[in-house]
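Worksheet: one structure, shown below.
Just so you know, all these numbers are worked out from the coordinates, no wet-lab data involved. Source: prediction; values computed, not measured. Quick reminder, even Gly has a Cβ in these numbers, built from the backbone with ideal geometry, and neighbours come from all protein chains shown.
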């Protein structure tokens, strides 16, 4: 039997996390020949996160250079992907989300007339510049995609609103929940030495807060304001320990280190592996983040999240009451944190806003039907609030 060659194109931390369970699902089916292509947009991060799932790229394009422009990055990825497409000749291509890598992968599939599946399709803020460049990346990918794997009902409605045919949209849930469940069921010990020491010393007297920041539109003043807010929260709550996961981008990292290095009860964590991050997240009472993926992870664990952005393409988090948009205004961050931390009853019920851990299985069976390998009917994801 001839196998169908399927490309999975990724290059950043969130792409690695969200595509890993889907790649693992396809690897279990002998009908498919899987090719994993890592552009290296976030070279160290994407490779490390793939390793957490036991995956190694078939092609590592290593396009990243420090402080590269979007023009340079896009041209490099397109040039390298052309070479791989010519060599491998895929029959189906997956991209995930809204990165420059995803846009280039979609455009390459279009140029080579290869069917394209967009994982996490239909997210929108309806604001051209927020987030930048992600909002326009995902809009453009939607125009190029043949199949749209929407994570939520709202995402599917967004695509229909834009004129995408319903027959091309499949409500799968979000694969990040698949990844989250895989990691939570894996009882490997914490590998990060600083985090391991901090958690081993914990005697139950401290409450935990997790913070991440990386969004391009927040660089500079926005990141500084987040750091100021973290400092003020730490000063206001003596029983709190705040873990700040440092992004490797110099524009982010240097600002955070300048403002928070040496601050009591603020722990700055370099090179945090995904399993370690999930274990920290699961023990936190509050998350402060500008990351879309972390919003989804926090919501799936029913952890309140302060979103340091002006808008979110995941409004389900806000509508559920789990999330609050605070922007990068220090006073709003502090006020929101103190409100959550002062609440009597933390939220910990089960939530299926974004997925039930079966999104990868649904997408696999959808594509199997496309190739004629299966005739099994697959039901769409049914979310719970």
Highest-fluctuation residue, 206, 104, 328 considered, GNM on the chain with Cα pairs under 10 Å: 206
Anisotropy class of region 191-341 from Cα gyration tensor, a/c 1.5 cut: rounded
Angle in degrees between helix 134-144 and the longest Cα principal axis of the chain, rounded to the nearest 10: 20 degrees
Mean separation of Cα contacts under 8 Å, 6 or more apart, over the residue count of the chain: relative contact order %: 15 percent
Packing-based order for 216-228, 370-382, 137-149, using average beta carbon neighbours within 10 Å, highest first: 137-149, 216-228, 370-382
Residue exposure sequence - 86, 180 - by fewest surrounding Cβ within 10 Å: 86, 180
C-alpha long axis of helix 330-341 to longest principal axis of the chain, angle in °: 90 degrees
Region 191-341, relative contact order in percent, only Cα pairs under 8 angstrom and at least six apart counted: 26 percent
Fluctuation leader among 268, 257, 341 - the chain, Gaussian network, Cα springs under 10 angstrom: 257
Protection proxy ranking of 27-33, 109-115 - average other beta-carbon atoms within 10 Å, highest first: 109-115, 27-33
Exposure proxy order (Cβ contacts within 10 Å, fewest to most) of 329, 62: 62, 329
Tensor-based shape of region 49-137 (alpha-carbon gyration tensor, a/c under 1.5 rounded, otherwise prolate or oblate): rounded
Exposure proxy ranking, count of Cβ atoms within 10 Å, fewest first, for 118, 42, 214, 187: 187, 214, 42, 118
Cα gyration tensor shape for region 270-385, rounded if a/c is under 1.5, else prolate or oblate: prolate
GNM top mover of 132, 354, 49 - the chain, alpha-carbon springs below 10 Å: 132
Between helix 100-111 and the chain: long-axis angle, C-alpha atoms, 0 to 90°, nearest 10: 10 degrees
Of all DSSP beta bridges in the chain, antiparallel share, percent nearest 5: 0 percent
